[in-house]
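The values are calculated or read from the model by the stated rules, or taken from the named source; none is laboratory data. Owing to the predicted nature of the structure, the values given are computational and were not obtained by experimental measurement. Cβ placement follows ideal geometry from the backbone for every residue including glycine, while neighbour counts extend to all protein chains displayed. The protein model used for the area step is the full one, side chains on, heavy atoms only, and it has no ligands, DNA or RNA in it. Shrake-Rupley method; radii C 1.70, N 1.55, O 1.52, S 1.80 Å.
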Amino acid sequence: SSKKCVVLTGAGISTSAGVSDFRGPNGVWTAEKKGIPPPASRSFETVQPTLTHMALVGLVQAKKVDLVISQNVDGLHLRSGLPRGNLAELHGNLFIESCEICGWEYLRDFDVGGISFSKTGRECERPGCGG
């Protein structure tokens, strides 16, 4: 029997928070293929973690789940309180910015400029880093 439990999440975990999915019948890419405007989605900055996000936090805290792998960039797993060490974000996170000198990560309450990994112009706040 397995000693580790891993959960893989995708768009479905965030749709009840008001985030549009991409491949579903009303998804962003589906609409694009049909040549129609994508469905309205709430801003990633205003959505809140769902009950499913919170349930995963509880399962991690109870040591029933070791790692959550997310395909989402909406930041809801971290906002739910899921520890960073128990989360792998495959496509990045719109709200994470990291120092290229020391690697320190900052979880912002605003979109840091997409997931392009471009420099933001903000400096690292860690004493002595200079990044």
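Among Arg79, Arg108, Arg23, the largest mean-square fluctuation in a Gaussian network model of the chain (Cα springs under 10 Å) belongs to Arg23. Scaling the Cα radius of gyration of the chain by the globular reference 2.2 N^0.38 Å produces a ratio of 1.18. Of the residues Gly35, Gly58, Gly92, the one that moves most in a GNM of the chain with alpha-carbon contacts below 10 Å is Gly35. Dipole magnitude for the chain: about 480 debye, using +1 per Lys or Arg Cβ and -1 per Asp or Glu Cβ, origin at the Cα centre. For segment 54-110, the solvent-accessible area works out to 51 Å² per residue, with a probe of 1.4 Å and every protein chain left in place. Partner lysines whose Cα lies under 23 Å from the Cα of Lys4, excluding those fewer than 8 positions away in the same chain, are identified as Lys63, Lys64. Within the accessible surface of segment 1-42, defined with a 1.4 Å probe on protein heavy atoms only, the carbon and sulfur portion equals 57 percent. Amide H contacts of Ile69 (H built 1.01 Å from N, in plane; Pro and chain starts excluded): Val7, Leu8, Thr9, Ala88 sit under 5 Å, all sequence-distant by 5 or more or on other chains.
Taking the protein heavy atoms of segment 49-131 in the context of the full set of protein chains, the accessible area attributed to carbon and sulfur is 54 percent at 1.4 Å. Here is the list for segment 84-131: chymotrypsin sites (Phe, Trp or Tyr not before Pro) lying in DSSP coil, each with at most 16 other C-beta atoms within 10 angstrom of its C-beta, are Trp104, Phe110, Phe117.
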